[in-house]
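The values are calculated or read from the model by the stated rules, or taken from the named source; none is laboratory data. Values in this document were obtained by computation on a predicted structure and should not be read as measured data. Cβ coordinates were reconstructed from backbone atoms using ideal geometry, including for glycine residues, and neighbour counts include every protein chain displayed. To get the accessible areas, we keep the full protein, side chains included, count just its heavy atoms, and leave off ligands, DNA and RNA. Shrake-Rupley method; radii C 1.70, N 1.55, O 1.52, S 1.80 Å.
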Amino acid sequence: EKAGFDHFMLKEIHEQPKAYRDTMLGRISDDGRSVELPELKMTPEQLKAINRVHIVACGTALHAGLVGKNVIESLVRVPVETDVASEYRYRSPIITPDTLVIVVSQSGETADTLAALREAQRCGARVLAITNVVGSSVAREADDVIITLAGPEIAVASTKAYSSQLIAFFLFGLYWAQTVGSQDEAAIAQVLAAMQALPEQVEKILGQSETIKEVAESISHHSSLFFIGRGVDYAVAMEGSLKLKEISYIHSEAYAAGELKHGTLALIEEGTPVIGLLTQEDLYEKMLSNIKETKARGAHVLGIVNEGHEQEVAKSVDRFFAIPRTLPLLTPALSVIPLQLLSYYASLALGHDVDKPRNLAKSVTVE
Ligand code: F6R
């Protein structure tokens with residue numbers, strides 16, 4: 001049932017090209033110029049009236065939501081807030097009839113997420129669910145549902161469900177943009193073409209797992225490390241950090257790279273591993289100087305860069321991993337893959353139960 005893989009997690013990491021294709025299947029017009037989401041019950045008029053979005057979820061699904069915020073704000077220019085589901089209800093969120101609440105849940109059964117959904121509906125908001133399970137509680141109760149087609153996810157650590165949620169956000173963001181006309185047809189076609197290239201690009205990354213395995217083995221001896229990034233790379237850094245903690249039990253923190261010098265640099269000492277994400281070209285130089293700040297304090301840095309930067313970045317980091325080029329908006333769908341592999345191989349090197357980490361359950365149905 002693991003199809004020749006040692007663990008479900010590794011199998012699921014390798015299923016991502018298929019999960020991306022399946023999640024896009026039938027949702028992109030034959031001419032590649034528009035998104036089709038016939039499953040949405042909301043009318044174009046209802047979508048046009050939305051002027052605020054709350055994305056609510058837990059854990060990894062929330063991290064997908066942080067990328068979703070970036071996607072919607074840049075494509076549609078509607079303000080988006082993200083919230084931890086267990087906090088949402090208790091802070092009297094400002095929900096108006098023109099608020100769209102997007103709940104993200106792989107299982108569709110997470111108690112806090114379900115409670116947030118009900119609260120949002122009680123306050124008169126329309127709820128869109130992004131979930132992997134047809135017929136789940138979240139799917140049944142939401143007003144609209146976009147199903148991710150990642151297939152069943154068995155490993156407790158979420159991989160293909162997260163990345164398929166990113167695909168769902170790209171599709172919904174584009175659909176919204178085309179509905180309100182915030183992006184022209186050529187721009188939408190360009191993003192769709194880049195999305196359709198993602199599965200092969202993921203395959204290419206998976207073919208280079210060996211490099212990540214070596215880094216993972218070296219970090220497995222450390223008790224604490226940092227993931228840093230700017231913009232959408234910061235959101236991916238949070239996911240990389242959670243994944244590592246969850247299955248390797250190594251403490252790590254994700255930091256917005258510009259915040260390091262406001263306290264966190266004090267924790268960097270000789271040999272502290274730092275994983276720096278540099279996929280956003282407009283922030284590249286800024287990221288490099290943040291990386292240099294850590295190097296100057298002894299950090300041992302792995303840089304995740306876009307192809308083409310290898311030679312240049314090699315001067316500033318100890319090791320690097322290059323990901324294929326895509327549009328800045330879409331990089332999380334690629335940059336998360338080496339981070340998933342990093343946590344997998346670190347957990348493996350430490351001899352932990354990769355698929356069933358201690359203290360955690362796949363579906364959290366208590367608040
Ligand atoms: C981490 C992980 C958890 C879940 C969270 C939400 O790898 O799997 O953080 O993402 O418990 O679960 P769902 O998406 O089922 O609501």
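Label-point separation (nm) for E45 and K204, each offset 7 Å from Cα along Cα-to-Cβ?
Taking the simple label geometry, E45 and K204 are separated by 4.7 nm.
For P273, what is the net charge nearby, where nearby means another residue's Cβ is under 13 Å from its Cβ and Lys, Arg count +1, Asp, Glu -1?
-3
In debye to the nearest 20, how big a dipole does the stretch 266-367 give about its Cα centre with +1 on each Lys and Arg Cβ and -1 on each Asp and Glu Cβ?
160 debye
So how far, in whole Å, is the C-alpha centre of the stretch 255-330 from the one of the stretch 19-88?
29 Å
Quick one: grab Rg to one decimal and Dmax as a whole number for the stretch 171-257, Cα atoms only, in Å.
17.7, 52
Report, for the chain, the % of DSSP beta bridges that are antiparallel, rounded to 5.
If I count the DSSP bridges inside the chain, around 0 percent turn out antiparallel.
Find which of H54, L327, G231 sits farthest along the positive direction of the dipole of the chain, computed with +1 on the beta-carbon of Lys and Arg, -1 on that of Asp and Glu, about the Cα centre.
Comparing the listed Cα positions along the dipole, H54 ranks first.
For the chain, what is the accessible area per residue in Å² when the probe is 1.4 Å?
Solvent-accessible surface per residue comes out at 39 Å².
Given springs between every Cα pair under 10 Å in a Gaussian network model of the chain, which of L66, L339, L288 has the largest fluctuation?
Among L66, L339, L288, the largest mean-square fluctuation in the Gaussian network model of the chain belongs to L288.
With a sphere of radius 12 Å drawn around the Cβ of Q46, what net charge do the other residues whose Cβ falls strictly inside it have (Lys, Arg +1; Asp, Glu -1)?
Spelling it out: positives minus negatives among the neighbours equals -1.
Can you give the alpha-carbon Rg of the chain over 2.2 N^0.38 Å, where N counts its residues?
Normalised Cα radius of gyration, the chain: 0.95.
Taking only DSSP H segments of four or more residues, each worth -39500 (n - 2.57), what value at 222 nm results for the chain once the sum is divided by all its residues, to the nearest 500 deg cm²/dmol?
-14000 deg cm²/dmol
Looking at P338, Q196, G207, which one has the Cα that reaches farthest to the positive end of the dipole of the chain (charges on Cβ: Lys, Arg +1; Asp, Glu -1)?
Highest projection toward the positive end goes to P338.
For the stretch 282-367, count all C-alpha to C-alpha pairs, find those more than 22 Å apart, and express that count as a whole percent of the total.
Here the long-distance tail beyond 22 Å is 45 percent of all Cα pairs in the stretch 282-367.
List the trypsin sites (Lys or Arg not before Pro) within the stretch 304-364 that DSSP assigns to loop and that have no more than 13 neighbouring Cβ atoms inside 10 Å.
Answer by residue number: K315, R358.
How much FRET efficiency would the formula 1/(1 + (r/R0)^6) give for A349 and D184, where r is the Cβ-Cβ distance and R0 is 45 Å, rounded to 0.05?
0.40
Can you give the charge dipole size of the stretch 150-290 about its Cα centre, rounded to the nearest 20 debye, using +1 on the beta carbon of Lys and Arg and -1 on the beta carbon of Asp and Glu?
Magnitude of the dipole: close to 240 debye.
Placing +1 on the Cβ of each Lys and Arg and -1 on the Cβ of each Asp and Glu in the stretch 232-367, which of V313, G351, A266 has its Cα farthest towards the positive end of the resulting dipole?
G351
Could you look at the stretch 22-167 and say what percent of its accessible area is carbon and sulfur, using a 1.4 Å probe and all protein chains?
Accessible surface attributable to carbon and sulfur in the stretch 22-167 totals 52 percent.
Straight-line reach from K48: which lysines fall under 26 Å, measuring Cα to Cα and dropping same-chain residues less than 8 apart?
K69
Who wins for biggest fluctuation among L40, L62, L277 in a Gaussian network model of the chain, springs between alpha carbons below 10 Å?
Judging by the Gaussian network model, the answer is L40.
Can you tell me which lysines have their Cα less than 19 Å from the Cα of K245? Leave out same-chain residues fewer than eight positions away.
Here the lysines satisfying the reach criterion relative to K245 are K160, K213, K356, K362.
Quick check: residue separation of K261 and Y90 times 0.36 nm, minus the Cα distance between them. What number comes out in nm?
58.3 nm
Where the only charges are on Cβ atoms (+1 Lys, Arg; -1 Asp, Glu), what is the dipole of the chain about its Cα centre, to the nearest 20 debye?
Result for the chain is approximately 440 debye, rounded to the nearest 20.
Amide H neighbours of I304 under 5 Å, at least 5 residues apart or on other chains, H built in the peptide plane: list them.
Amide H to amide H, under 5 Å and 5 or more residues apart or across chains, I304 pairs with G276, L277, L278, F321.
Give a residue-ordered list of calculated ³J(HN,Hα) values for the stretch 37-45 (Karplus: 6.51 cos²θ - 1.76 cosθ + 1.60, θ = phi - 60°; whole Hz; x for Gly, Pro).
Each residue's phi maps through the Karplus curve to give 10, x, 5, 6, 8, 5, 7, x, 5 Hz.
Report in % the part of the accessible area of the stretch 263-341 that belongs to carbon and sulfur, leaving out ligands and nucleic acids; probe 1.4 Å.
The value for the stretch 263-341 is 51 percent carbon and sulfur by accessible area.
Span-like helices, the chain: DSSP H, alpha-carbon axial extent 27 Å or more, mean Kyte-Doolittle -0.5 or greater, which ones?
Result, helices passing both filters: 160-180, 185-206.
Could you tell me which of rounded, prolate or oblate describes the stretch 9-141, using a ≥ b ≥ c as the square roots of the eigenvalues of the alpha-carbon gyration tensor, with rounded for a/c under 1.5 and, failing that, prolate when a/b is larger than b/c and oblate otherwise?
Oblate shape, in that a/c is at least 1.5 and b/c is the bigger or equal ratio.
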